[in-house]
Structures are given as C-alpha cells and as structure tokens.
Amino acid sequence: MSQKRELVIAGDAIGPASEWKATTGCKQVGDVVVALQSGLLAKYNGKVSVIPLNGSYEPRAGDTVVGIVSEANPGNWIIDIRAPWDAPMHVSEAPWRVDFGETMAYLRPGDAILCKILFVDGQKKVQVTLKDRNLTKLEGGELMEVPPVKVARIIGKNGSMLNLIKEYVECWLFVGQNGRIWINGEPDEVLLAKRAIRLIADEAHLPGLTDRVRAFLEASKPGGVDADLFTEEE
Amino acid sequence: MGVNPGIELIDKNGKRTDGRKVDEVRPIHIEAGVLHRADGSAYLEWGNNKVMAAVYGPREFNPRRFQKADKCVVRCKYNMAAFSTSDRKRPGPDRRSQEISKVIADAFENVVLTEKWPRGVIDINMEILQADAGTRIAALTAAAVALADAGIPMKGMVAGCATGKVDGKLCVDLNGPEDNYGESDLPVAVNMTTGEIVLLQMDGHLTGREFEKALDMTVKACDQVYQAQRDALERRFTAKLDELEKDTPAPRRGKQQEAKEVVEAEVA
C-alpha cells in the first residue's frame with residue numbers, strides 16, 4: 001500500500017482478461033474484466049479485485065459476529081446480524097437447556113450476543129450458534145458500528161492493528177465480521193479505543209494507516225499500557 | 001402534447017426557447033451521498049428539474065409472499081412533491097407515478113445483480129422536488145448514482161435522456177414548454193457498459209426514420225449524462241479520500257481527562 005489506488009465505478013473495464021484474473025467485485029465479460037462495484041482497484045499477482053467503499057455485510061459460515069436479539073420465539077431467537085436477512089438461532093444452538101417457551105428467560109430482545117454463523121444455504125438462509133469456544137451473551141460494555149467493508153483493516157494482518165490498539169488501551173475488545181464492535185473496560189479506555197477504531201474506519205483506504213494510528217494512540221496515551229503499569233509501580 | 005398557444009418553440013436561428021441547439025442537453029449537476037440515513041443517495045439538478053434519490057437495502061422482503069426465492073426484488077417509488085409543479089400536484093400515488101415506478105424498477109432489474117440476495121429487496125425512492133419535463137429520466141439517473149453510492153453490484157451504470165419532436169424538428173432533452181406543446185417524446189435509458197437499452201417509451205408520433213434518428217441522438221446524449229454521473233461518484237469517493245488525507249487530527253480531550261487536569265491543577 002505505498003501508492004494511491006485507482007478508483008473504479010461499476011461497469012468500468014479494468015483490463016484484458018488475458019492479463020488479469022477477476023476475483024471479488026469484478027467479473028470477466030467476454031475478453032475484458034469489468035468492475036461490478038464502485039471502489040478501489042487492487043491488482044496483485046495477475047489477480048484483480050475491487051475493494052468496495054460501501055456495502056452491506058454478507059454472512060459466511062464460520063464468521064464470528066456480534067448479533068442483537070430482535071425476537072424471542074418459543075423455539076428460537078431471531079438475531080439481527082446486520083445482514084440483509086435475519087438469522088434465527090434454534091434453542092439447540094444455545095449453550096443452555098432451554099425448555100419450549102422459555103427462551104425469554106435466557107435472551108431477551110435487545111440483548112447482544114457474540115455468535116458464529118453456523119451455515120448459509122443457497123437461499124441465503126442463515127443460522128447462528130452460541131455453541132463454541134468464546135461465544136457468549138455480552139454483558140456490560142459498549143457496542144459501536146463501523147461499515148462491514150472496513151472490518152479487515154480494523155483487525156489488520158493477523159490481528160496486527162487490533163494488537164496495536166491493545167498495546168495502548170486496556171480493555172476487552174471484540175470485532176465482529178459484521179462491523180459491530182464490543183468494547184468493555186474503564187470509560188476513558190473505551191473512549192480511546194472507540195476513537196482509534198473510528199480513525200481506522202475513516203482512513204481505512206489510505207496508505208500508512210498503521211503509522212497514523214500509532215501516532216494517534218501515542219499522542220493520546222504516551223507509552224501505552226506498559227507506561228501505566230510503570231507509573232503505578234512508582 | 002397539448003395545443004400550442006402560439007409559442008415559437010424553435011426560432012429562425014434554430015435555437016430553442018432556452019437558447020439551446022437541437023442536440024444540446026440542459027446542464028446537469030449531481031451530488032452523491034447526500035442523505036446519511038440512507039444506504040446510498042444522490043441529488044440531481046438537470047435544467048430546472050430537482051430530484052432526490054435514496055436507496056435502502058438490500059434487506060429482507062416482508063411480507064414474505066412477495067419474496068422471490070432466487071433473487072431480490074428492485075422496488076421503486078417515484079413521487080412528485082405537491083410543490084414540484086406550477087399547479088399544486090395532488091399528493092399520493094397516481095396512475096402516472098405507478099407506471100414510472102414500474103418502468104424504472106424494470107430498468108434496474110436488468111443491471112443490478114439481483115441473484116446475490118435471494119428473498120431480498122432493494123428499495124429506491126425518488127422524490128421530484130421540482131419538475132420541468134423529463135423527470136422520469138432525471139429520477140432514473142439520480143437513482144443509478146444512489147445505487148452505486150450504496151455499493152450495490154451492477155453490470156453497468158444506467159444513464160438516460162429523452163428526444164422529442166418539436167415544430168417538426170428532433171430535439172434532445174425537451175424542456176417544459178417543448179414537452180407540453182411538442183409533437184413527440186422518446187425517453188431512453190441505456191446500460192453504459194453493454195449498450196443495452198433498459199428503458200424505452202414513446203409518446204406522440206414519429207415516423208420510422210425519425211424514430212431511428214431520435215434514438216441515435218438520445219444514445220449520444222446519454223454519454224454526457226453518464227459523464228455527469230461518473231463525476232459525481234468520483235467526487236464523492238475522492239472527497240472522502242482527500243478529506244482523510246489531511247494530517248491526523250490531534251486527539252480530543254475527553255471530559256474525564258479535562259476534569260482530571262482541573263483536579264490536578266487545584267491540588268498543585
């Protein structure tokens with residue numbers, strides 16, 4: 001990411017299909033690769049893709065997301081996962097033994113949960129589950145929302161950006177693939193984390209992002225979490 | 001296509017009532033991303049037409065009986081504001097607005113990758129704030145920009161224009177008086193990537209030869225409309241990028257931090 005990326009509009013011809021293999025956000029039409037979405041062009045190793053600047057979350061099996069319960073039915077809950085479709089969660093996918101009609105005793109509309117997409121079928125019927133490691137009902141903390149297309153940058157390569165934030169901020173942080181982020185900790189720490197995430201979301205497509213985020217965090221909290229420990233010991 | 005009360009629609013020099021030549025399009029200005037509550041939006045000024053378009057979705061289509069199992073539905077709502085015309089327009093859907101909503105929805109179903117969201121719906125709302133002939137094409141042009149702004153995958157951008165017959169001459173992009181007292185009107189919308197015609201209607205009479213010429217003139221005019229759409233989207237996205245390219249702002253101090261500083265100062 002050293003130079004500015006080219007902007008393309010839906011329908012733009014990107015290049016000859018003989019040179020470029022179309023991946024996400026584009027399609028081969030005859031002899032040319034055509035952009036299907038407006039966004040930034042990424043060409044790498046003979047492959048070309050369009051990084052969208054806008055768009056909704058598309059659920060994929062295995063994604064961990066932050067969902068909000070929108071309905072509690074006798075045998076399932078309906079979870080809003082910010083996708084075009086609501087995702088039901090059957091009582092058998094909850095980590096508790098829930099009797100028929102007793103769903104409200106465990107999860108109520110408005111509750112946030114950290115859940116996993118169990119499957120998405122051809123008709124885009126989505127099922128989510130709470131039965132896995134680390135999946136839980138979220139209690140306390142704050143939720144923030146960022147565009148789902150920015151999630152990849154917030155996490156960074158192998159979680160590098162998230163680790164950077166955690167170097168400076170002492171709080172629980174979880175980023176759902178659907179762009180919902182749960183943060184729990186001291187109010188000052190949560191505020192700083194939220195600002196850092198907002199910065200990443202706003203500047204996600206610009207080069208040198210990591211440096212700017214580090215500069216921001218350093219300016220806000222010189223030395224990071226370790227510095228806090230140091231002063232406390234003093 | 002009313003009776004002309006004696007207005008000279010094309011003068012001796014071949015100029016129209018607003019001074020344009022027969023193949024000249026009215027000035028177009030489009031702004032993308034104007035509404036924050038919508039997933040995508042656009043505001044368009046085309047001559048004296050003013051249109052606002054907003055896109056919501058894709059989202060689940062309720063009631064479920066209207067869902068399509070294998071694709072999403074593109075649902076359009078074209079509406080003229082009561083104050084958009086010189087005589088007050090009676091608010092609410094009427095025969096004309098339902099027809100226009102339908103033909104625009106059909107046009108977009110051809111370009112949006114609807115199979116990506118089975119059982120879903122994409123809502124496109126178009127509000128005509130000020131009308132001066134050619135509002136269906138103006139609404140469609142704004143809606144296409146709003147769709148692109150929403151990040152909805154499309155096979156290509158849709159641009160449109162109309163050509164009509166005024167005082168026996170073919171003119172591109174009719175204005176109010178020309179539309180009212182002209183002899184014919186031919187609105188066309190084109191998928192600018194493939195060149196496919198996605199909307200074509202005709203009002204009044206044209207001969208076969210005139211029709212072919214009018215179609216050619218319209219398709220040529222669509223290029224200008226498309227350029228305005230591109231400019232709007234490029235402005236929208238590059239503005240976003242340029243705005244962000246400024247230096248990182250200094251961190252704002254939180255209320256708690258300020259309070260802490262006050263307490264520390266007092267203690268000192």
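The values are calculated or read from the model by the stated rules, or taken from the named source; none is laboratory data. Model, not experiment: these values are computed from the prediction. Glycine gets a Cβ as well: all are built from the backbone with ideal geometry, and neighbour counts include every protein chain shown.
Structure notes:
- Residue check for A:ASP188: assigned by TED's automatic domain parsing to the domain that holds A:VAL69 and of a type in the set (Asp, Glu): no
- Residue check, B:ALA143 assigned to a helix (DSSP H, G or I), of a type in the set (Gly, Ala, Ser) and either crowded, with 18+ Cβ neighbours inside 10 Å or in contact (Cβ under 8 Å) with a residue 60 or more places away in the chain (or both): yes
- All conditions but one from (1) surrounded by 19 or more Cβ atoms within 10 Å (Cβ to Cβ); (2) under 24 Å from A:ILE81 (Cα atoms) apply to A:TYR168; the one that does not is (2).
- Residues within segment B:15-62 that are over 17 Å from B:GLN130 (Cα atoms), touching a residue at least 12 places away in the same chain (Cβ under 8 Å), among the small types (Gly, Ala, Ser) and assigned to a loop (DSSP other than H, G, I, E, B), tallied: 2
- Test set (1) surrounded by fewer than 19 Cβ atoms within 10 Å (Cβ to Cβ); (2) within 20 Å of the chain's Cα centre (by Cα); (3) not assigned by TED's automatic domain parsing to the domain that holds A:PHE119; (4) not aromatic (Phe, Trp, Tyr) - A:PRO59 fails condition number: (1)
- Residue in segment B:176-185 that is in contact with a helix residue (DSSP H, G or I) (Cβ under 7 Å, 6 or more places away or on another chain) and surrounded by 22 or more Cβ atoms within 10 Å (Cβ to Cβ) present: yes
- Restricted to segment A:157-214, and to residues there that are at positive phi and in a helix (DSSP H, G or I), the residue that is nearest to the other protein chains (Cβ to nearest Cβ) is A:GLY159.
- Flag if B:GLU234 is within 11 Å of another protein chain (Cβ to nearest Cβ), in contact with a Leu (Cβ under 9 Å, 6 or more places away or on another chain) and among the acidic types (Asp, Glu): yes
- Residues that are β-branched (Val, Ile, Thr) and at the interface with chain B (Cβ under 9 Å from one of its Cβ atoms) were ranked within segment A:24-49; the one that is surrounded by the most Cβ atoms within 10 Å (Cβ to Cβ) is A:VAL34.
- Output for segment B:152-175, where each listed residue is surrounded by fewer than 24 Cβ atoms within 10 Å (Cβ to Cβ) and on the phi > 0 side of the Ramachandran plot: B:ASP167, B:GLY168
- Residue identified as touching a residue at least 24 places away in the same chain (Cβ under 8 Å) and within 30 Å of A:GLY224 (Cβ to Cβ) among A:ILE154, A:ILE117: A:ILE154
To keep it simple, each residue is scored yes or no on (1) outside any helix (DSSP H, G or I); (2) touching a Cys at 6+ places or on another chain (Cβ under 6 Å); (3) in contact (Cβ under 8 Å) with a residue 12 or more places away in the chain.
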position	(1), (2), (3)
B:ARG88	yes, no, no
B:GLY92	yes, no, no
B:GLN98	no, no, no
B:PRO118	yes, no, yes
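- Test: residue in segment A:135-143 that is surrounded by fewer than 20 Cβ atoms within 10 Å (Cβ to Cβ), of a type in the set (Ser, Thr, Tyr) and in contact with a strand residue (DSSP E or B) (Cβ under 7 Å, 6 or more places away or on another chain): yes
- Residue in segment B:199-214 that is within 30 Å of A:VAL33 (Cβ to Cβ) and modelled with pLDDT of 95 or more present: yes
- Condition check for B:ALA139: more than 14 Å from chain A (Cβ to nearest Cβ), under 16 Å from B:VAL51 (Cα atoms) and not hydroxyl-bearing (Ser, Thr, Tyr): yes
- Here B:VAL225 meets the list (1) buried (at least 23 other Cβ atoms within 10 Å of the Cβ); (2) over 28 Å from B:VAL145 (Cβ atoms); (3) among the hydrophobic types (A, V, I, L, M, F, W, C) almost entirely, failing just condition (2).
- Answer from A:LYS166, A:LYS150, A:LYS131 - the residue that is under 24 Å from A:TRP77 (Cβ atoms) and of a type in the set (Lys, Arg): A:LYS131
- Scanning segment A:65-79 for residues that are of a type outside the set (A, V, I, L, M), crowded, with 17+ Cβ neighbours inside 10 Å and under 19 Å from A:GLU139 (Cα atoms) returns A:GLY67, A:TRP77.
- Among residues of segment B:79-107 being under 20 Å from the mean Cα position of the chain (by Cα) and of a type in the set (Lys, Arg), the one that is farthest from B:LEU199 (Cα to Cα) is B:ARG96.
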